[in-house]
Every structure is written in C-alpha cells, then in structure tokens.
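Below is one structure; the comments refer to it alone.
Bear in mind that the values in this text are calculations on the coordinates, not laboratory data. Keep in mind it's a predicted model, so treat the numbers as computed, not measured. As a convention, Cβ positions derive from the backbone with ideal geometry for all residues, glycine included, and neighbour counts pool all protein chains shown.
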Amino acid sequence: MLWRGQPVKVPALADLAQSHAYGRAWYVESGESIAEYASARNLDARYVCDVVAILSPRVSVTQNVKLARRYLETGTALGAMRQRLHALARYEASGIFTGPKVTAFAAALDGDPDAIVIDAWMYRLFNEPRRTAKAYRDVSALVAGVASELGWRAAETQAALWCGARALCGYTDSYSPLTIGA
C-alpha cells in the first residue's frame, strides 16, 4: 500500500491499533450512552447522534458533549462555532447535513460498523496536512487496509487508531468515550 508515493507500514499501524484495542468499543459505548440519554428525554437516538456529529468539528469530546446537551435541552448551542450553528439550522429545516467527517461520525455513533471517521487526530496520525475530499478518501482507505489486516470492522479500527494517535501525542486520557449522561 502506498501513501503519498511511499510504502505504508500497515503492520506498524496494525500494531498501533492492537496496542490500543481498548478503543475498539468507543463507538459502541458512545452509542449506548446516546441511546440512554435519548430514551430518558423521549428523543430519537439518531437525532441525538446527528446533533452530536454536527457540533463535533474542531472541539474536544468533552466540549462536543456540552454543546450537544445544551442544544438538545435548551434549543441553543451557545459557544458553538457560527458554521456549526448554520449547519444545525439547515438540519432542523431539512433533516440534511453534509461533510464526510460529520456524516461518518453520525453513522458510527448510530452503530454503523463500517463508518470511518477522519478527524484532526487521524490526519495527524497519517501526517496528512491536506483537508480535502481526496485526502479524506486516502486516509479512509488506509484505515480500511488496517481493518482488513486485523480482521476488525472499520469503525472499531479507526477508533483504536484514534486512541493510539492521542496516546502518541502524550494524552493519557486517550480513551474517553462520549458520555452524554441520562
């Protein structure tokens, strides 16, 4: 497998994923938390997944949860970026939202085992400075290759690699599932 004209050491990436295999359950555990939250508030769990995903770009997991809860409980997302507020308004009016990271994140939170979420941590892991559709597809293909090598589903592979990327950067809380609360 080539990446930017150079051979990619998929076994090295597979080793990173395996050494952070605890992250494989990130989407399952996050989805369970969302389902509990949605049930307690008589909301559709997919709607909650969508709101969480729409508010997720360029914020930490903790901040994402705070913004989503605020929006779901008050109808406002004070502190969210203006672009995210516009995306929420479009979503509320049409039920549609776009963007490869946001749509994949919503799908993964909703239980799609084949969703591959490429965020800033994943770009950093692959040393990819571009934030283009092609770069997204390229990094996704690399993650899919690692998943194939390990015999894991794509979403759990991406989550394990995400935990590994954070750990490589010195974060000790590399496993922090989305806990939205009941």
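Kindly state which helices (runs of 4 or more DSSP H) lie completely within region 37-99 and contain at least 3 residues that are within 21 Å of Thr179 (Cβ to Cβ).
Working: elements: 45-54, 61-74, 82-94.
Result: 45-54, 61-74.
Restricting to region 71-96, give me the number of residues that are under 25 Å from Val28 (Cβ atoms) and surrounded by fewer than 17 Cβ atoms within 10 Å (Cβ to Cβ). First the steps, then the outcome.
If we filter region 71-96 for residues that are under 25 Å from Val28 (Cβ atoms), which is where we start, we get 71-73, 91.
Next cut, surrounded by fewer than 17 Cβ atoms within 10 Å (Cβ to Cβ) only: 73.
Residues in region 71-96 being under 25 Å from Val28 (Cβ atoms) and surrounded by fewer than 17 Cβ atoms within 10 Å (Cβ to Cβ): 1 in total.
Tell me which residues, restricted to region 37-64, are out of contact with any helix residue (DSSP H, G or I) (no Cβ under 9 Å at 6 or more places or on another chain), over 17 Å from Cys163 (Cα atoms) and either surrounded by 21 or more Cβ atoms within 10 Å (Cβ to Cβ) or not hydrophobic (A, V, I, L, M, F, W, C) (or both).
Of everything in region 37-64, those that are out of contact with any helix residue (DSSP H, G or I) (no Cβ under 9 Å at 6 or more places or on another chain), over 17 Å from Cys163 (Cα atoms) and either surrounded by 21 or more Cβ atoms within 10 Å (Cβ to Cβ) or not hydrophobic (A, V, I, L, M, F, W, C) (or both) turn out to be Asn42, Gln63.
Tell me yes or no: at least one residue of region 111-119 is in contact (Cβ under 8 Å) with a residue 24 or more places away in the chain and part of a helix (DSSP H, G or I).
Just the residues of region 111-119 that are in contact (Cβ under 8 Å) with a residue 24 or more places away in the chain, to begin with: 111-119.
Right, trim to part of a helix (DSSP H, G or I) and you get none.
Checked region 111-119: no residue is in contact (Cβ under 8 Å) with a residue 24 or more places away in the chain and part of a helix (DSSP H, G or I).
For region 120-170, how many residues are without any contact (Cβ under 8 Å) to a residue 60 or more places away in the chain, within 12 Å of Arg24 (Cα to Cα) and not in a loop (DSSP other than H, G, I, E, B)?
Residues in region 120-170 being without any contact (Cβ under 8 Å) to a residue 60 or more places away in the chain, within 12 Å of Arg24 (Cα to Cα) and not in a loop (DSSP other than H, G, I, E, B): 3 in total.
Can you find even one residue in region 142-162 that is buried (at least 20 other Cβ atoms within 10 Å of the Cβ), of a type in the set (S, T, N, Q) and touching a helix residue (DSSP H, G or I) at 6+ places or on another chain (Cβ under 6 Å)?
Yes, that holds for at least one residue.
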